[in-house]
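Notes to accompany the following structure.
FYI, it's all coordinate maths here, none of it is from the lab. These numbers were taken from a predicted model, which means no experiment stands behind them. For neighbour counting, all protein chains shown are included, and Cβ atoms are generated from backbone atoms with ideal geometry for every residue, glycine included.
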Amino acid sequence: MTSMPNSSRPTLYSAQSSMEYPPATPQTCELAGLTWREQVRRIHTEAQTFYFAFKHPSVPWYAKLVAACTAGYLFSPIQLIPSFIPVIGLLDDVLILLLGVRLLQRTIPVDILTECREQAKSAEMQRKDAGASTAAVIAFLAIAMLWLFAAISVSKLIAMYIPSAIRK
């Protein structure tokens, strides 16, 4: 049964004991106001953080083992529940991922995790700079291809009409 005490959260009462909803953590509060794109960007940055932590020499071996097992399970074709089953198949992947991330956050020392987060943020900034230069190169190539296509088309049109004008 649920009842609404003075607090804003409902309390679940059972015959033996009472249970309240867990308090909101700073992570859930941070994710609550973010858009999907910002959440995906943050998850990508966290994945890079754990990649840098995996490569860091001061990370304990058991943290590296957790990271390798989590990634191995996600990429393995052999799983407890196959991923092609609509909802449950992906749910076990998400559960393993969340458990792996929680274990990594607890087993990796805070100073190393902070250092790896800074590395991930700098790598993201470098990727954004590279993306801008890549876009400029692609734009240049597209304009050059259009100009070349126009030049070839015009020269063919001219070649078709000039011989007929000379013959007359």
Amide hydrogen neighbours beyond the local backbone of residue 59, cut-off 5 Å, H modeled: none
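Are there any chymotrypsin sites (Phe, Trp or Tyr not before Pro) in region 45-144 that are in a DSSP loop and have at most 14 other Cβ atoms within 10 Å? List them by number.
Numbers: sites: 50, 51, 52, 54, 61, 62, 73, 75, 84, 140; in loops: 84.
Sparse-neighbourhood loop chymotrypsin sites (Phe, Trp or Tyr not before Pro): 84.
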Loop sites in region 71-168: GluC sites (Glu not before Pro), DSSP, at most 10 other Cβ within 10 Å: none
